[in-house]
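K.L.:
Here's a structure for you.
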Amino acid sequence: MIRPSAIAILSLAAHPAAGDFSLRFPVDCTVGTNCYIQHLVDLDPGATVQDFRCGDLSYDGHKGTDIALPSLAAQAAGVAVIAAAAGTVIGVRNDMEDALQFGPAAPDIVNRECGNGVVIKHTQGYETQYCHLAKGSVTVNSGQQVQAGTPLGQIGLSGKTQFPHLHFSVRHNGAVVDPFDTVDARQCDDPLDPLWARVPETPAGGLISIGMHDGVPHYQEVKAGTADTVLTSSGPAMVGWAFVYMARKGDILTTQITGPDRVYVSHSELIKRDQAQLYRASGRRTPADGWPAGDYLLEVELVRGDTVLDREIHTFHID
């Protein structure tokens, strides 16, 4: 990975300054609360990965911004995708099934990796593309004029996707543009020139969600958003779980469960390899006399080097 500030990042497109053209956030969600940014544009033209901050919140050849939801339950509830700027719709697809791309039963998506989506032509040679929308959710048609904020559809699972998210691409005269920084051949410590009207937060990794279970939940339950259970004093166990994105080798994930009288669980784990998403659980079997009644606190922290990337707290009660 290229990190030194003296080395230039190679831009994917040469284009004029954005001028009056700007983008609003294309999903009706709040980053860090009910959605998060999983991947950024890969600005390195070679085999390594480099995002606009000289970090690695991307993967090789990634040409957009992935705005992800915390669970399949959140996707099923419906999250709107909206136009990032005014323009003319020039492409629509709305008939592909919502299906996660893993296993032998995954549908054929060759040349349709975007899934259901919308392409909008804007002023000054800009285009935006919105991928992986839910089947039947697209509400616009080719040739239609839209404004910034016009609903386009809902986040789905169509096309090449293994988690619910919007893949949002920006192009200028056909070439990929990173909306977080439009500077060509910039240095890592150069000021940014974003297209965003309000730049969203892009932590280098963090916690998607945390929760409690009376046993070790299945990973599929965590991803589905159904892993939380109501704990009782005589249940089989007390387990805190964490769903993490962009974990890196060397990160420390710490889980602590504090009860009304003492700390019941305190566990730290060294992450041994890079993972785009991972799930961990820590807990204890229920003692013979059960858990004492009262308020409990689950605290989960993800640390990289000397930096706390994310920390979440979950409270629960046992009668």
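K.L.:
Quick check: anything in the stretch 242-256 among the acidic types (D, E), open to solvent by less than 50 Å² (accessible area, probe 1.4 Å) and modelled with pLDDT of 95 or more? Walk me through how you get there before you give the answer.
P.N.:
Keep residues of the stretch 242-256 that are among the acidic types (D, E), which gives 251.
If we keep only those that are open to solvent by less than 50 Å² (accessible area, probe 1.4 Å) too, we end up with 251.
Then keep just the ones that are modelled with pLDDT of 95 or more; that gives 251.
The answer is yes; a qualifying residue exists.
K.L.:
Next up: Would you tally the residues in the stretch 120-153 being of a type outside the set (G, A, S) and either under 13 Å from R93 (Cα atoms) or touching a helix residue (DSSP H, G or I) at 6+ places or on another chain (Cβ under 7 Å) (or both)? Spell out the reasoning first.
P.N.:
Here is the first cut: in the stretch 120-153, the residues of a type outside the set (G, A, S) are 120-124, 126-133, 135, 138-141, 144-147, 150-152.
Imposing the further condition that a residue be either under 13 Å from R93 (Cα atoms) or touching a helix residue (DSSP H, G or I) at 6+ places or on another chain (Cβ under 7 Å) (or both) reduces the set to 120, 129-133, 135, 138-141, 152.
The qualifying residues number 12.
K.L.:
Please go through the stretch 281-292 and give me each residue that is small (G, A, S) and open to solvent by 70 Å² or more (accessible area, probe 1.4 Å), ordered by number.
P.N.:
Step one: of the stretch 281-292, the residues small (G, A, S) are 281-283, 288, 290.
Within the stretch 281-292, A288 is the sole residue that qualifies.
K.L.:
Just one of (1) without any contact (Cβ under 8 Å) to a residue 60 or more places away in the chain; (2) outside any strand (DSSP E or B); (3) over 19 Å from D44 (Cα atoms) trips up V244, so point out which.
P.N.:
Status for V244: all satisfied but (2).
K.L.:
Moving on to the next point. Considering every residue within the stretch 42-62, establish whether at least one is crowded, with 23+ Cβ neighbours inside 10 Å and of a type in the set (G, A, S).
P.N.:
Within the stretch 42-62, one or more residues are crowded, with 23+ Cβ neighbours inside 10 Å and of a type in the set (G, A, S).
K.L.:
So, in the stretch 230-241, how many residues would count as being assigned to a loop (DSSP other than H, G, I, E, B) and open to solvent by less than 50 Å² (accessible area, probe 1.4 Å)?
P.N.:
Within the stretch 230-241, residues that are assigned to a loop (DSSP other than H, G, I, E, B) and open to solvent by less than 50 Å² (accessible area, probe 1.4 Å) number 3.
K.L.:
Out of (1) outside any strand (DSSP E or B); (2) open to solvent by 60 Å² or more (accessible area, probe 1.4 Å), what's the single condition that is false for P194?
P.N.:
Condition not satisfied by P194: (2).
K.L.:
All but one of (1) assigned to a strand (DSSP E or B); (2) hydrophobic (A, V, I, L, M, F, W, C); (3) free of Cβ contacts under 8 Å to residues at least 60 places away in the same chain; (4) under 27 Å from Q162 (Cα atoms) hold for V308; which doesn't?
P.N.:
(4)
K.L.:
May I pose another question? Which residues, taken from the stretch 270-280, are open to solvent by 40 Å² or more (accessible area, probe 1.4 Å) and either within 21 Å of A224 (Cβ to Cβ) or of a type in the set (K, R) (or both)? Break it down into steps so the answer makes sense when it comes.
P.N.:
At the first step, the residues of the stretch 270-280 found to be open to solvent by 40 Å² or more (accessible area, probe 1.4 Å) are 270, 272-274, 276, 280.
Correct list: K272, R273, A276, R280.
K.L.:
Considering the stretch 293-303 alone, what residues qualify as being in a strand (DSSP E or B) and either open to solvent by 60 Å² or more (accessible area, probe 1.4 Å) or of a type in the set (F, W, Y) (or both)?
P.N.:
In the first step, residues of the stretch 293-303 are kept if they are in a strand (DSSP E or B); the result is 294-303.
The answer is D295, Y296.
A quick yes/no check of all residues on (1) of a type in the set (S, T, Y); (2) surrounded by 20 or more Cβ atoms within 10 Å (Cβ to Cβ); (3) within 23 Å of N34 (Cα to Cα):
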position: A134; (1), (2), (3): no, yes, yes
position: P151; (1), (2), (3): no, no, yes
position: P164; (1), (2), (3): no, yes, yes
position: H172; (1), (2), (3): no, yes, no
position: Q187; (1), (2), (3): no, no, no
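The values are calculated or read from the model by the stated rules, or taken from the named source; none is laboratory data. Keep in mind that this is a model prediction, so the values were computed, not measured. Ideal geometry is used to build each Cβ from the backbone, glycine not excepted, and the neighbour counts take in all protein chains shown. These area figures cover heavy atoms from the full protein model, side chains too; ligands, DNA and RNA do not enter into them. Shrake-Rupley method; radii C 1.70, N 1.55, O 1.52, S 1.80 Å.
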